[in-house]
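Everything below concerns the one structure shown next.
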Amino acid sequence: MSRTQELISIAEEYGAHNYHPLPVVLSRSEGPWVWDIDGKRYLDCLSAYSAVNQGHRHPRIVQALKDQLDRLDLTSRAFHNDRMGGFLKKLCEHTGFQSALPMNTGAEAVETAIKLARRYAYERRGVQKDKAEIIVCRENFHGRTTTIVGFSSDPSAHGGYGPVTPGFILIPFDDLDALEAAINKNTAAFLVEPIQGEAGVKVPKDGYLAGARKKCTDYGILFMLDEVQTGFGRTGKRFCYMHEDARPDVLIVGKALGGGLYPVSAVLADKKYMDIFTPGTHGSTFGGNPLASAVGTAALEVLEDEKLDERSARLGKRFMDGLRAIRSPKIKEVRGKGLLVAIELKKEAGPAYDLCLKLKERGILVKDTHQTTIRFAPALTIDEKDLDMIVASVQDALG
């Protein structure tokens, strides 16, 4: 038995079987690259689902973490620490919102936004107690908590976890008429991803986000965008909603905010919404801790100083142009924005997982979703020549 097989066997024996990873065991990383235990190098084209936009182990973010480890680790929110205020100021300046509430994971940030929307509906808009509804879209992916999976339309995500939390209305994605029809006197908010990542990089029609923004304004409900995966330069803008005039009332961020080194997430809103939280109404032991604040600050500085949003826009166009130039009867569609890209295979082409295995043999690590889709999200620091190598590898693997 090889060392790779041995380590996979140990993980499968002692770990829960809630993932189906590619048969590779990684031991080192740098920039857009990772190495397995045998020293083979791969381009990481998943970037931990966009958590590594700045590239693996970016030296500035690593140094910020090391420096903070030598000073102060965890204080909780029972006390102030000397790092959180500066981090929140930087985050608000970066996003253009007046107030930030730091959490740890994307799912925690989504749960926080749900609490904000409900509390605001009851206290400021006069919605009847325990009647607030939040509109969400089919094929959404907002996290893995019991509340969140309860409004998923994916049976593998919500099956067996009932009873579901009430108060969520599912409508089709990219359908403004369905949104308007779902709004009623109890509607608190519309929660949506600007691009549905886990659904297979589903990009809505131009004008959808701006139209949704307008309808939420017209009816007085909160427009809440989950940019945990699409934010921080991934789609070629600082945030995906910036492709249109669609500034949300509540912006949910995470993943790349931690630079791939530490879990950091946040909810952003102007004070008229965020002030709905008062002492004791919400909290987090680790949210805004000194390590998270140091890492988050450095992660934002790297995004700004290296202009990774502009780089993503330029390289994303090159990448999609290259993929669309591939002439293969197996490809149904190439779609995406910036460096969040998907290849949709025709059903007769066979499982997308098989193509992932072929790309792995060619030094490219990607992952399938929904049987027919392969999602690409390399680090925003990737080189042009490496993108061209991915295109050539895809063409070769498709035969």
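The values are calculated or read from the model by the stated rules, or taken from the named source; none is laboratory data. Since this is a predicted model, take the numbers as computed values, not measurements. Virtual Cβ from ideal backbone geometry, glycine too; neighbours counted across all protein chains shown.
Here are the numbers for the structure shown:
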{"quantity": "Only listed residue being surrounded by fewer than 17 Cβ atoms within 10 Å (Cβ to Cβ), farther than 22 Å from A246 by Cβ and of a type in the set (K, R), chosen from K205, K131", "calculated": "K131"}
{"quantity": "All strands (runs of 3 or more DSSP E) inside region 1-58 with 2 or more residues being in contact (Cβ under 8 Å) with a residue 40 or more places away in the chain and not assigned by TED's automatic domain parsing to the domain that holds G260", "calculated": "41-44"}
{"quantity": "Residue satisfying condition, being surrounded by fewer than 16 Cβ atoms within 10 Å (Cβ to Cβ) and among the hydrophobic types (A, V, I, L, M, F, W, C), within set L116, L101, L69, L91", "calculated": "L69"}
{"quantity": "Breaking point among (1) under 18 Å from the mean Cα position of the chain (by Cα); (2) over 25 Å from M320 (Cα atoms); (3) part of a loop (DSSP other than H, G, I, E, B), for G280", "calculated": "(1)"}
{"quantity": "Complete set of residues in region 338-373 that are in contact (Cβ under 8 Å) with a residue 24 or more places away in the chain, within 16 Å of S47 (Cα to Cα) and not small (G, A, S)", "calculated": "L339, L340, V341, C356, L359, K360, I364, L365, V366, K367, T369"}
{"quantity": "Residue satisfying all of: in region 5-25; within 17 Å of G363 (Cβ to Cβ) and surrounded by 15 or more Cβ atoms within 10 Å (Cβ to Cβ); modelled with the lowest pLDDT among these", "calculated": "L22"}
{"quantity": "Flag for S284 being surrounded by 24 or more Cβ atoms within 10 Å (Cβ to Cβ), at pLDDT 95 or above and not acidic (D, E)", "calculated": "no"}
{"quantity": "Selection within region 36-66 - surrounded by 22 or more Cβ atoms within 10 Å (Cβ to Cβ) and among the small types (G, A, S)", "calculated": "S47, S50, A51, G55, A64"}
{"quantity": "Region 376-399 residues that are over 21 Å from K330 (Cβ atoms), paired with ones that are acidic (D, E) (beta carbon under 9 Å, 6 or more apart)", "calculated": "P378/D44; P378/D386; A379/D44; L380/E306; L380/D309; T381/E306"}
{"quantity": "Region 258-277: number of residues that are in a helix (DSSP H, G or I), out of contact with any Phe, Trp or Tyr (no Cβ under 8 Å at 6 or more places or on another chain) and in contact (Cβ under 8 Å) with a residue 60 or more places away in the chain", "calculated": "3"}
{"quantity": "Subset tally (residues that are surrounded by fewer than 22 Cβ atoms within 10 Å (Cβ to Cβ) and assigned to a helix (DSSP H, G or I)) for region 119-128", "calculated": "4"}
{"quantity": "Residues of region 72-87 that turn out to be surrounded by 13 or more Cβ atoms within 10 Å (Cβ to Cβ) and either touching a Leu at 6+ places or on another chain (Cβ under 9 Å) or not assigned by TED's automatic domain parsing to the domain that holds A269 (or both), as a count", "calculated": "4"}
